[in-house]
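Below is one structure, written out as structure tokens; comments come after it.
The values are calculated or read from the model by the stated rules, or taken from the named source; none is laboratory data. What you see is a predicted model; the values in this text were computed from it and never measured. Cβ placement follows ideal geometry from the backbone for every residue including glycine, while neighbour counts extend to all protein chains displayed. Only protein heavy atoms, including side chains, enter the accessible area calculation; ligands, DNA and RNA are left aside. Shrake-Rupley method; radii C 1.70, N 1.55, O 1.52, S 1.80 Å.
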Amino acid sequence: MGRILIVEDEYQDFVEARQILEKEFPSVTVDHLVTELGFRRWLGDPAAPFPDLIILDNMLPWTEPSPDMEPEPEELVKAGRLNAGLRCYELLRDHPLRSHIPVIMLTVLSIVCPAGAECVPKFERGRLAITARNLLGRNALGKQIEDERDGLE
């Protein structure tokens, strides 16, 4: 197991998710982002490491408050922070190099889980480890099948 990116603004929720994942995958490296802007910058950075899995909260602030913070685009102000995670998910799925990364939406909201993602409610956080293991297993199997197919051609 290599790397997991957790996108979560609530520090305690991040710590609990990280502890669950580190217990399940002892050698994992866990990276952390806290804002929608941070996720967008990570996505656009070709040098940013590729995680094997992304855990994505749905309610994210645009950025952390600071005197020189980047203003939120008008269309996002209207859309609100309740769907920031879904926006991030769609940006990820549209990305030419990172669209294959499996995603678990970890949220307190009742949302329609986007196609291709798994949803785990925060109050059922105990399901996070098994969901992560299942997603990573499917991803590894898909890669193995793809590699075998490439070898036959």
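Of the residues making up segment 86-124, those that are in contact with a helix residue (DSSP H, G or I) (Cβ under 9 Å, 6 or more places away or on another chain) and part of a helix (DSSP H, G or I) are ARG87, CYS88, LEU91, LEU92, LYS122.
Being within 16 Å of the chain's Cα centre (by Cα) and touching a residue at least 40 places away in the same chain (Cβ under 8 Å) holds for only one residue in GLU10, GLU118, and it is GLU10. ILE55 passes every criterion in (1) in a helix (DSSP H, G or I); (2) modelled with pLDDT of 90 or more; (3) crowded, with 19+ Cβ neighbours inside 10 Å apart from (1). For segment 1-51, the set of residues classified as hydrophobic (A, V, I, L, M, F, W, C) and open to solvent by 60 Å² or more (accessible area, probe 1.4 Å) consists of MET1, ALA47, PHE50, listed by residue number.
How many of the residues making up segment 19-57 are under 23 Å from PRO73 (Cβ atoms) and among the hydroxyl-bearing types (Ser, Thr, Tyr)? Before you say what the answer is, go through the steps one by one.
Residues of segment 19-57 that are under 23 Å from PRO73 (Cβ atoms), as a first pass: 33-46, 48, 54, 56-57.
With the extra rule that they be among the hydroxyl-bearing types (Ser, Thr, Tyr), the set shrinks to 35.
Number satisfying all stated conditions: 1.
Mind listing whichever residues of segment 94-118 are of a type in the set (Ser, Thr, Tyr) and either surrounded by 19 or more Cβ atoms within 10 Å (Cβ to Cβ) or more than 13 Å from ASN58 (Cβ to Cβ) (or both)? Walk me through it before giving the result.
So the first thing to find is which residues in segment 94-118 are of a type in the set (Ser, Thr, Tyr), and the list is 99, 107, 110.
Hits for segment 94-118 are SER99, THR107.
Before we move on, is GLU16 in contact (Cβ under 8 Å) with a residue 60 or more places away in the chain and of a type outside the set (Lys, Arg)? Give the derivation first.
Details: in contact (Cβ under 8 Å) with a residue 60 or more places away in the chain: yes; of a type outside the set (Lys, Arg): yes.
It is true that GLU16 is in contact (Cβ under 8 Å) with a residue 60 or more places away in the chain and of a type outside the set (Lys, Arg).
Considering each residue of segment 1-52, count those that are part of a helix (DSSP H, G or I) and either touching a Pro at 6+ places or on another chain (Cβ under 6 Å) or among the aliphatic types (A, V, I, L, M) (or both), and give that number. Don't jump to the end; show me each part of the working.
Initially, segment 1-52 is screened for residues part of a helix (DSSP H, G or I), giving 11-24, 36-44.
Add one more test, that the residue is either touching a Pro at 6+ places or on another chain (Cβ under 6 Å) or among the aliphatic types (A, V, I, L, M) (or both), and what stays is 15, 17, 20-21, 37, 43.
Final tally of qualifying residues: 6.
For segment 110-128, filtering for residues that are among the acidic types (Asp, Glu) and out of contact with any strand residue (DSSP E or B) (no Cβ under 7 Å at 6 or more places or on another chain) leaves 1.
For first residues located in segment 91-114 and within 16 Å of GLU8 (Cα to Cα) and of a type in the set (A, V, I, L, M), partners that are open to solvent by 50 Å² or more (accessible area, probe 1.4 Å) and modelled with pLDDT of 85 or more and lie 6+ apart or on another chain with Cβ distances below 6 Å form the pairs ILE104/GLU118.
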